[in-house]
Amino acid sequence: MGARKPPWWRAVWLGIGMLCVGMFLSGPEVPMNRIKPRYSRSLYDITPLPPEQVRELAARLDEESYRVTQRAGTEPPFCGRFWNHKEPGIYVCVVCGLPLYSSAHKYDSGTGWPSFFQPIDPEHVVRRPDLSYGMVRTELCCARCGAHLGHVFEDGPPPTGERHCLNSAALRFYPEGAELPPESRPVEPEVAYFAGGCFWGIEYYFQQGPGVIDAIAGYMQGHVENPTYEQVCSGTTGHAETVKVIYDPRRISYRQLLEAFFRMHDPTQLNRQGPDIGEQYRSGIWYVNEEQRRQALEYIAELERSGRYGGRRIVTQVEPAKVFYPAEDYHQDYIARTGRPCHVANPWE
């Protein structure tokens, strides 16, 4: 007797499933340089390094550090150079230089391995389940390069109750006050201010920018201190809905922010933007230094010469930045929280 045929709908779904799997497997990978950079709360760049860069860095390690960090090895207890190390300073990843632990959080666990009750920043260390050797443990890895560091156990001292048990070979030490190399320093962010109509969409799309650390909705260029949304909407305070952009100049330039800003809104509309009408919705760039002023004016002149706006005059104001007042909490991350669509164009596509 022949095999029974499956229902027609099952065959259809099976075909669709196979097609989707094929598309997934054969689809192009996202290039690493298009991955949006990530920053920790302490303002370190923790963007995962591409595999080829990790391999290049790892090739410079000594044999033991390579075995520990790249092969998840474990050094013998009471043998590593930092197990009883007490000098004030910080311990960074031996592979990529990301600061991981501080001597202020180090203690003698009696195990023979360097032990800490917490990292410098929780976002600098990744936790992964480890089922090797018939045990259930939690592995600790560097958030930036993926280097194996050690394991964490729940038998540590207050206030965390954790013991971060590390390999000395996975660490490099810098004494307190020593000059750190660039890869071990936090980002030195810069700030820019843009007004382009309703700040919901401008904030949302600036947050998507590669190298933008944060974007905050607020009010600027008015004459009333600590204005409320209702006051600004009344048109009596002189403020414009503005987005404060905090960015990493090593990843994205002020020029790129300008280009994104002019893609997001229509700079030829006076005191309005799309359906929003009023002085608070005016187009403006509020510069914090002479270099920003120069670049803003040069780019506006370039746009006017290009004919992009069909002869319509750009009315974007370029003024020295006054005090920025953050908007109310319910305005922050509004589109990300609500999923509400916005007429602002995505400038990064």
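Observations, loosely collected:
- Listed conditions (1) within 18 Å of ALA260 (Cβ to Cβ); (2) out of contact with any strand residue (DSSP E or B) (no Cβ under 8 Å at 6 or more places or on another chain) are all met by ALA296, apart from (2).
- Residue in region 202-209 that is more than 25 Å from TYR44 (Cβ to Cβ) and assigned by TED's automatic domain parsing to the domain that holds THR316 present: yes
- The listed residue being more than 13 Å from ILE202 (Cβ to Cβ), among the polar types (S, T, N, Q) and in contact with a Phe, Trp or Tyr (Cβ under 6 Å, 6 or more places away or on another chain), out of THR338, THR268: THR268
- Residues that are free of Cβ contacts under 8 Å to residues at least 60 places away in the same chain and in a loop (DSSP other than H, G, I, E, B) within region 300-333 comprise GLY307, ARG308, TYR309, GLY310, GLY311, ARG312, ARG313, ILE314, VAL315, THR316, listed in sequence order.
- Among the residues listed as LEU297, LEU270, the single one being among the aliphatic types (A, V, I, L, M), out of contact with any Gly (no Cβ under 6 Å at 6 or more places or on another chain) and either surrounded by 16 or more Cβ atoms within 10 Å (Cβ to Cβ) or outside any loop (DSSP other than H, G, I, E, B) (or both): LEU297
Per-residue answers, yes or no, for (1) within 30 Å of ASN271 (Cβ to Cβ); (2) surrounded by fewer than 23 Cβ atoms within 10 Å (Cβ to Cβ); (3) within 19 Å of the chain's Cα centre (by Cα):
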| position | (1), (2), (3) |
| --- | --- |
| SER109 | no, yes, no |
| PHE116 | no, no, no |
| GLY150 | no, no, no |
| PHE173 | no, yes, no |
| GLU203 | yes, no, yes |
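- Condition met for GLN269 (touching a Cys at 6+ places or on another chain (Cβ under 9 Å) and over 25 Å from GLU190 (Cβ atoms)): no
- Subset of region 324-343 [over 16 Å from GLN280 (Cβ atoms) and among the aliphatic types (A, V, I, L, M)]: ILE335, ALA336
- If only residues of region 16-50 that are at pLDDT 50 or above and loosely packed, with under 11 Cβ neighbours inside 10 Å are counted, the one that is farthest from VAL92 (Cα to Cα) is ARG34.
- Scanning region 279-293 for residues that are more than 28 Å from the chain's Cα centre (by Cα) and surrounded by fewer than 19 Cβ atoms within 10 Å (Cβ to Cβ) gives a single hit, GLU279.
- Reported count of residues in region 225-243, each being buried (at least 23 other Cβ atoms within 10 Å of the Cβ) and of a type in the set (D, E, K, R), is 1.
- Test: residue in region 201-210 that is closer than 30 Å to LYS86 by Cα, touching a Phe, Trp or Tyr at 6+ places or on another chain (Cβ under 9 Å) and of a type outside the set (S, T, N, Q): no
- Summed over region 231-267, residues that are among the small types (Gly, Ala, Ser) and assigned to a helix (DSSP H, G or I) total 1.
The values are calculated or read from the model by the stated rules, or taken from the named source; none is laboratory data. Predicted model, so just to flag it, every value in this text is computed and none were measured. Using ideal geometry, Cβ is built from the backbone for each residue, glycine included, and neighbour counts are taken over all protein chains shown.
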